Each structure stands twice: as structure tokens, then as C-alpha cells.
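What follows is a short report on a single structure.
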Amino acid sequence: MKKKVVIAGGGTGGHLYPGIALANALMRSDMDIEITFAGTKQGIESRVLPRAGFNLKTILSSGLLGKKGLSRWISWCKLPVGTAQSMCFLIRKRPNLVVGVGGYASAPVAFSAWLLRIPILIHEQNVFPGMANKWLGKIADRIAVSFEESKRFFPNHKVETTGNMINEELCRPREEFPATSKDPFNILVMGGSQGAHSINTAMIDALDHLDHRKNHICITHQTGEIDYEATRLSYEVKGFSADVRPFIEDMPKHYRKASLVICRSGATTLAEITASGKVSILIPFPFAAHNHQEHNARVIEAANAGELILDNELSGKRLAESIAQAMDEPEEMKKMEENSYRIGNRDATEKVRQICIELMGNAHRAAGNEKEPKGNYVLSCF
């Protein structure tokens, strides 16, 4: 009998791509698995998943944190609607497992699973969990976290440190990849799946301070849709070699050739950087829930695997100084690359996959039929 897995959540690449990594791992280990994603129409999942060949069920849901007045009231109203949609979807789909990857759709799907007596596993990507995961931790059967520091927020008998799930290409030993080029010095700039205006602006301003190095620098820059055209034209005017894109599809390829990564500090981004053994300049998104991006970045800084620049301290001059230092100190960069690779987790997806297998095995036994499971099981990874 075909096993059915539902992966709920998304909104941003940081939530969605761990789910895609897990989906691919599950399908590689068992061809008799049907994967369906649950998310929202406004999230990145509505664009990425159809191209990746996955089915997507959309529900009505939005966040509450930081909203006030009418906007907050509308978000509250969406919750029961989204929960009802999730209930109907799960009853109709009858999955053996539901995988949530964080984002607005995860909470109503996981809560619906609990109402339907479907076991739940949640995955916390950041150092400090949000309110939804803290609450879901009380009803979940298992909890997987990316950072050891996160375990204290959840019941000890449920929680396990797995790391964050990433693309399998980034989990290969770095010995399989060619050595990073020192000339040209390859810089990968990105602000998450949606871009980051402050990083885009600072990087363009930094070019004026790096003009004498332009023949030794090659830049790949993910801008997001809004800043794409202006950023592309700025590189042309200033005479720098740059591959400017609204969104980068093949991240493993660009991580492999990068000498330095300039980016936000979402948990998935940091998991990818450290798995690749790359040195980073981290500029945390200042409005992230519970300031989790700064907490994430400080873990990397403490390991001497990257530099932290707060968004309100970011300028073209400051960024140019950090880039110049990285170019001028190859031995220190080599040490930082070693530190980054050392703290990277390249088996997180496999660990979570094993939890999935265990939960589905429990479902078989609970149903009293090893060959034909009758229980409905949900995995929710936030």
C-alpha cells in the first residue's frame, strides 16, 4: 500500500527548502511514497514547488507576530478557516505522515493533525523557537531541533538535535569539490529568497571602495525581484563583473565556487554555508521574530567561522573593509573555512528521515498490522 506524506509550510526559502530536502530523501529511500505539500498562495512554495514537480494544496493562513489593529484581527480570522481547510484536507488525503516545514501553513495543519489524533514531529530551525513551536511542542510526539541550545525550550523526553535539513549536494565531502579560487575572489551576495534591500544597497556602495580591486573580484548577487534592475545597472555602470539575478535556483553550484558569502542569517542559510565550509559576513534581518537571526549569527561568530555586522551598522564602507580583509588574509580565511566546515551538519536530513521511518513503523504496530498501516501520522517540521 502506497504511503502518503504531507509536508506543510513554507512562505520563505528558509522554511521550504528543508522540506524539499526531506521529501527527496524520503522518495529516494522508498519509491512507494506519495508526497504532497500544504502551504499558502502568497508563499514562495506556490512558485517553486510546481517547477520541482511536487503537488501543492493551499490553505488560508497568515502570521500574527508584529501585526496590530485590523491586520491582526484579519490574521486571527484566518486561523479557524485555515484549520478547517486543513482538517478537510487531511481527512480526504488520509496521509501516513504530514511534514510541516515552518511558515504560516504549518500551525493549522499540525493542530488539525492533533485533533485527528495523528502523531506529530516538529522541527525547530532557529536557536530561539517561536511561540507556535513552543506551543506545538506540548502536543507533538517528537521534536527535532537544529541547535543544541534549543533543546531547553522543549520537553526533554521528546527532543533530539538533528541539525537543519539541506540540499543533498551540499552534504557531499568538500574533498569532492575543486579548490576555491583566490583570483578572482568570488563573492556570493544574497538576502534570502526574497532579497534584502539594505544588503543590496550596501554592496553597491561598497564597490566605490573596492574600485582598485575590480579586476580581482567576481560577484554573484541574488537581489530579489524589487531591486533586480537597479542593482544590475549599478554593477554595469561601476564596471564590476557580476552575475545578478532576482533568484538563484542552483545554490549548491554557487556555494561551491564562493570565496566569501554575504547574507542574512536564517537557520537554513547558515546550515548550507557551514555544510559547504564557507566563510560568511552575516547581516541579520533586524525584524525577525524574537531576533532569532542575530542569535543564529552569534553562534557562527563565536566559532570564528564568520563575521557579524548588525543591519543598523551596515554601510558600503564597512562592508568593503570586511571584503578587503578577507581578500588580504588568505591564511585566516583558510582557518575560518575549517571552522565553518567543522560545525556544519551534513547528516541532518538523514536523521529526520530516520525519525519519519520510526514514526511510520510505530503507526504500523499501533494499527496491529505490519503490512497495512491504518493509523494517520503527521510529521511537522518548523
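Quick look at the numbers
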| quantity | calculated |
| --- | --- |
| Members of the stretch 245-275 found to be in contact with an Asp or Glu (Cβ under 9 Å, 6 or more places away or on another chain) and either part of a helix (DSSP H, G or I) or farther than 30 Å from PHE147 by Cβ (or both), listed by number | PRO246, MET251, PRO252, LYS253, HIS254, TYR255, ARG256, ALA267 |
| Residue, farthest from GLY192 (Cα to Cα), within the stretch 17-45, restricted to residues that are loosely packed, with under 15 Cβ neighbours inside 10 Å and under 19 Å from the mean Cα position of the chain (by Cα) | LYS41 |
| Helices (runs of 4 or more DSSP H) wholly inside the stretch 7-98 that include at least 2 residues being of a type outside the set (Ser, Thr, Tyr), over 20 Å from ASN167 (Cβ atoms) and at pLDDT 90 or above | 69-93 |
| Pair list, Cβ under 7 Å, 6 or more apart: the stretch 29-47 residue under 17 Å from ALA107 (Cα atoms), other residue acidic (Asp, Glu) and at pLDDT 90 or above | PHE37/GLU45; GLY39/GLU45 |
| Residue count for the stretch 231-245, restricted to those that are surrounded by fewer than 19 Cβ atoms within 10 Å (Cβ to Cβ) and either among the basic types (Lys, Arg) or in contact (Cβ under 8 Å) with a residue 24 or more places away in the chain (or both) | 7 |
| Any hit, the stretch 325-346, residues being farther than 21 Å from THR180 by Cβ, assigned to a helix (DSSP H, G or I) and either in the same structural domain as HIS212 (by TED's automatic domain parsing) or of a type outside the set (Ser, Thr, Tyr) (or both) | no |
| Some residue of the stretch 157-166 being hydrophobic (A, V, I, L, M, F, W, C), surrounded by fewer than 24 Cβ atoms within 10 Å (Cβ to Cβ), assigned by TED's automatic domain parsing to the domain that holds TYR104 and modelled with pLDDT of 90 or more | yes |
| Test: GLY361 is exposed (fewer than 14 other Cβ atoms within 10 Å of the Cβ), modelled with pLDDT under 95 and at positive phi | no |
| VAL145 vs. criteria over 28 Å from THR274 (Cβ atoms), of a type in the set (Val, Ile, Thr) and either assigned by TED's automatic domain parsing to the domain that holds ASN296 or under 20 Å from the mean Cα position of the chain (by Cα) (or both) | no |
| Residue identified as touching a His at 6+ places or on another chain (Cβ under 6 Å) and touching a residue at least 12 places away in the same chain (Cβ under 8 Å) among VAL145, VAL159, VAL189 | VAL189 |
| Options ILE281, ILE300, ILE273, ILE248; residue that is among the hydrophobic types (A, V, I, L, M, F, W, C), surrounded by fewer than 21 Cβ atoms within 10 Å (Cβ to Cβ), in contact (Cβ under 8 Å) with a residue 40 or more places away in the chain and assigned by TED's automatic domain parsing to the domain that holds SER198 | ILE248 |
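The values are calculated or read from the model by the stated rules, or taken from the named source; none is laboratory data. Fair warning: this is a prediction, and the values are worked out from it, not measured in the lab. Using ideal geometry, Cβ is built from the backbone for each residue, glycine included, and neighbour counts are taken over all protein chains shown.
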